[in-house]
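To keep things clear, I will list the structure first and then write my remarks on it.
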Amino acid sequence: MSHRDILVPDCNNCLKLTLHTHVGGKRKNRIHLQDRKITTVRKIIAVRIIWCQLIPSMIPSPILNTLKRDVVIIGGGPAGLLLLAALKTSPYLRHLLCTLIEGGSLALAKQFGVDPPKEYTNRIISLTPATASYMDLGMGCWNHLHHDRLKRYNHIIAYDDDGKIGFDMDAYMVEVINVQLALLKRLAELENGFENVWDQCKVTEIEKNGGSGSDWPIVKLSNGKSVEARLLVGCDGFNSPVRHFARIQSRGWPYDRFGVVATIKVSKPTQVAYQKFLPTGPLAILPLEGDDATIVWSLTPELSETLCAAPSEVFPHLVNAAMKLDSHELPYIYEMVKNNDNVDNVIDEIQWRLNKASVFDKYYDNTVTKVFDKSRARFPLKMSHADTYVAPRIALVGDAAHTIHPLAGQGLNLGQADVQLLVGALEKASTRGLDIGSTLALEPYVSERWPANHVMLGVCDKFHKVFGVNWGPFNAMRGFGMNTLDSLGLAKNLIVNQV
Amino acid sequence: MKSITTFLKRCISTGFRRWHSTGKLTSTSPEELAHFNALASSWWDVNGPQRILHKMNLLRMDFIYSTIREHLKLNPPDCPEEDKVYIPPYSVDLLPEPIKRQIVWEQDMRRDEILSQKKLKVLDVGCGGGILSESMARSSFVDDVMGIDLSSEVLQAAKIHQQKDPMLSENNGKLDYQLTAIEDLPKSETYDIITMFEMLEHVDYPSKVLTEGLQRLNVGGWLFLSTINRDFVSWFTTIFMGEHVLRIVPVGTHTLEKYINQQEIRDWISEDPQRLRSYEVVDTKGTVYLPAYGWKFTSNPNVGNYFMALRRVK
């Protein structure tokens with residue numbers, strides 16, 4: 001039973017009336033008039049005034065369907081789930097009411113936990129030791145990963161036709177779905193963690209709050225609900241609706257390249273990641289458990305289409321050719337594939353060339369034997385960086401804030417660093433008693449994260465450009481540079497430690 | 001040159017006398033009131049004329065939070081031996097790194113635990129638009145906040161802004177504002193935290209206000225204040241640069257002769273034996289505003305702006 005006091009202005013004095021409302025069962029309003037000496041006429045006036053006040057509250061208004069949340073996260077990818085788990089883990093923030101909204105279904109990720117498919121899924125990412133340690137010590141979700149599908153490698157060899165550089169660096173290869181699963185499992189452990197992940201729920205509209213002076217944005221959902229957010233976090237990818245809503249500009253350029261990904265088998269298991277820089281862009285072969293591996297191959301839009309459609313018998317040979325042959329031999333082979341030449345012809349041509357030139361075997365000493373047919377996919381590559389990551393009641397995290405060339409495998413790691421810094425800023429804001437949606441609370445996040453991301457985006461962009469040049473003298477200089485750097489251990493470590 | 005002479009004159013002639021003067025109770029002059037009334041509308045615009053105050057609030061909250069946190073009693077007298085947190089009788093920095101980390105971690109956990117159970121009662125004197133009051137009301141260790149001010153317009157701004165956050169407007173009673181002077185509050189009402197930030201330099205009789213505040217502290221309660229030393233640096237930064245050159249704050253916000261040196265407050269506490277027994281100046285920190293960065297603590301509390309923490313010990 002709830003009650004509220006209503007002051008009724010009367011001729012000379014105010015009558016204090018207490019209104020009791022019974023919730024549940026029959027709705028019944030009882031009016032207690034505290035002043036017993038009032039006349040019947042006054043009583044009638046008072047009752048009428050009360051009814052006038054009551055009527056508006058009895059009409060169902062859209063406001064009633066609106067929930068209020070401290071944090072609304074849009075996007076259930078690794079960045080969004082990571083953020084929710086981090087918020088729910090933090091002793092300073094776990095009391096916040098949070099909701100995560102994902103348009104797709106997370107059922108696949110849950111299924112992955114019970115019965116993982118035998119073959120690798122094709123969305124595989126690399127995690128740096130910093131990210132791994134945050135997931136482990138900072139968040140406690142590392143143990144929930146399927147560890148038999150987590151590959152640790154410790155050496156990278158990058159090369160092109162003219163030079164080679166190798167460095168020791170620890171990193172992990174893991175499927176995106178594996179990370180999602182681990183985070184969902186972690187959320188299930190946390191109080192109020194799991195119930196507030198709403199999947200298969202699309203954002204239909206984000207609008208400004210018009211009523212009652214509140215400036216909380218309202219997120220309208222496909223399930224008919226609306227959520228008002230103290231802080232709306234966009235983890236909703238490159239085309240972020242949250243970023244568009246906040247009118248934050250994102251600047252950058254398309255690379256006119258597509259990334260082709262595929263899961264493959266190689267002839268012998270390895271702990272080494274290889275990356276060859278071709279004039280079209282880098283081709284990386286990253287090891288997975290056993291003799292499995294994954295590739296990321298940056299190609300022109302036309303070539304990417306051709307290679308995605310190439311027969312699955314040919315594709316492994318094409319990868320071998322690209323890894324081992326001199327890059328000026330490749331256009332001829334691409335042309336054969338494009339013209340739908342006989343499969344055996346193409347394979348014979350590649351084999352003949354490989355037998356002839358074994359010079360690059362010293363760099364890539366493995367052989368790709370098979371491609372999992374359904375694993376091939378392509379996506380456009382671009383560099384973009386939002387002008388800022390915050391606006392009043394808005395924060396952007398991960399791809400919504402920046403997209404990066406995949407050549408250094410930094411995508412998710414930047415997203416993780418964003419999450420870590422955002423959570424740090426919110427923790428600080430909470431001990432300062434700030435409204436976590438105000439720019440005062442969010443500014444430290446952008447001021448620390450933006451310059452660091454900008455440097456990383458720039459470095460990867462320059463790598464792409466430097467290796468995209470195909471002109472004899474420049475190639476020779478670049479090769480010389482790589483070989484020189486390779487022999488200078490100290491300088492090399494200095495660079496690696498930056499990552 | 002003329003302004004420097006005026007500065008010196010003001011510095012010497014009026015400050016001390018005013019500090020010791022008795023007479024009418026605490027109040028602020030009509031000019032001061034009119035000035036703050038005019039500021040009401042832009043008070044909550046964090047990018048507006050009060051941005052510097054919003055930025056200062058971050059440091060205020062850091063000061064309050066860390067002071068209270070550091071002075072918690074980690075092992076209460078009735079605490080059983082096995083539950084006690086180890087507090088080495090010397091600096092933890094002397095211990096090996098892993099041991100030090102373990103000790104500090106245990107202490108931090110205990111501090112969090114004690115702090116989370118606290119339900120402190122706060123009085124924010126000169127709350128203005130409620131920047132500090134709202135922050136205090138959102139803090140987990142605070143149960144009740146009363147903000148008082150003499151300007152009805154800024155209080156109106158505070159109340160309107162309070163309604164915007166359901167955390168403050170729906171938790172009935174956690175945050176209240178009242179148009180009153182501190183001396184008009186009943187003496188029986190006592191508080192765990194009383195704050196007087198950027199306020200003593202705006203009243204006519206600061207020692208009176210301070211006395212009124214100290215009298216309303218619970219034993220173990222804190223009085224946090226901030227004001228400005230009456231020196232050349234303060235005049236140069238807060239009046240000359242702040243108001244006239246950079247126009248960070250509106251002209252007329254400050255009056256030099258109303259500034260108070262931190263040593264004057266310390267002397268005032270120790271000049272009365274009764275006061276000296278009951279109250280203790282626990283900490284004073286100098287603060288400075290760096291454009292494009294914000295506020296920062298300095299190592300010298302005797303120059304420019306400063307924060308001070310006083311505690312009722314008995």
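Please treat every number below as a calculation from the coordinates, not as lab data. Keep in mind that what you see is a predicted model, and the values were worked out from it rather than measured. Cβ placement follows ideal geometry from the backbone for every residue including glycine, while neighbour counts extend to all protein chains displayed.
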Cα coordinate range in the stretch B:180-253, projected on the principal axes (Å, largest first): 46, 24, 18
Euclidean distance between Cα centres, the stretch A:331-348 to the stretch B:268-289, Å: 87
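Using the structure shown, list the pairs from A:Lys202/B:Lys118; A:Lys382/A:Lys428; A:Lys202/B:Lys119; A:Lys118/A:Lys382; A:Lys88/A:Lys151 with a Cα-Cα distance above 30 Å, or answer none.
Numbers: A:Lys202/B:Lys118 42 Å; A:Lys382/A:Lys428 34 Å; A:Lys202/B:Lys119 41 Å; A:Lys118/A:Lys382 32 Å; A:Lys88/A:Lys151 28 Å.
Exceeds cut-off: A:Lys202/B:Lys118; A:Lys382/A:Lys428; A:Lys202/B:Lys119; A:Lys118/A:Lys382.
Net charge within 11 Å of A:Ser222 by Cβ-Cβ distance, Lys/Arg positive one each and Asp/Glu negative one each, not counting A:Ser222 itself? It would help to have the intermediate numbers written out before the result.
Values: positive: A:Lys202, A:Lys220, A:Lys225; negative: A:Glu205.
Taking every other residue near A:Ser222 into account, the sum is +2.
What per residue convex hull volume, in Å³, comes out for the stretch B:254-314 when only alpha-carbon positions are used? Don't skip to the answer; put the middle values down first.
Details: hull volume 5.7 nm³, N = 61.
Spread over its residues, the Cα hull of the stretch B:254-314 gives 94 Å³ apiece.
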Mean separation of Cα contacts under 8 Å, 6 or more apart, over the residue count of the stretch A:209-281: relative contact order %: 14
13 Å beta-carbon shell around B:Tyr177, net charge (K/R +1, D/E -1): -4
Between the stretch A:138-157 and the stretch B:111-135, the alpha-carbon center distance in angstrom: 44
The stretch B:195-255: relative contact order as a whole-number percent, Cα under 8 Å and 6+ apart: 36
10 Å binning of all Cα-Cα separations within the protein assembly as shown, expressed as whole percents from 0 upward: 2, 11, 17, 18, 17, 14, 10, 6, 3, 1, 0, 0
Hits among aspartates and glutamates - C-alpha to C-alpha of A:Lys268 under 12 Å, sequence gap 8 or more where chains match: A:Glu289, A:Asp291, A:Asp292, A:Asp365
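For the stretch A:296-376, what is the relative contact order in percent, using Cα pairs closer than 8 Å and at least 6 residues apart in sequence? Could you put the intermediate results ahead of the total?
Numbers: 55 pairs, mean separation 36.4, N = 81.
Relative contact order for the stretch A:296-376 comes out at 45 percent.
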Pairwise centroid distance, computed over Cα atoms, of the stretch A:359-425 with the stretch A:111-131, Å: 15
DSSP-assigned coil residues among trypsin sites (Lys or Arg not before Pro) in the stretch B:217-274, each with at most 15 further Cβ atoms within 10 Å: B:Arg247
Where GluC sites (Glu not before Pro) fall in DSSP loop in the stretch B:188-285, at most 11 other Cβ within 10 Å: B:Glu189
Coarse-grained scattering of the stretch A:98-164 at q = 0.11, 0.29 Å⁻¹, given as base-10 log I(q)/I(0) from a Debye sum over alpha-carbon atoms: -0.44, -1.32
10 °C / 1.306 mPa s Stokes-Einstein diffusion coefficient of the stretch A:267-410, Kirkwood radius on C-alpha pairs, µm²/s: 94
P(r), alpha carbons of the stretch A:78-193 - 5 Å bins starting at zero, rounded %: 2, 10, 19, 20, 17, 13, 7, 5, 3, 2, 1, 0
Within the stretch A:309-351, GluC sites (Glu not before Pro) in DSSP loop having at most 16 other beta-carbon neighbours inside 10 Å: A:Glu313
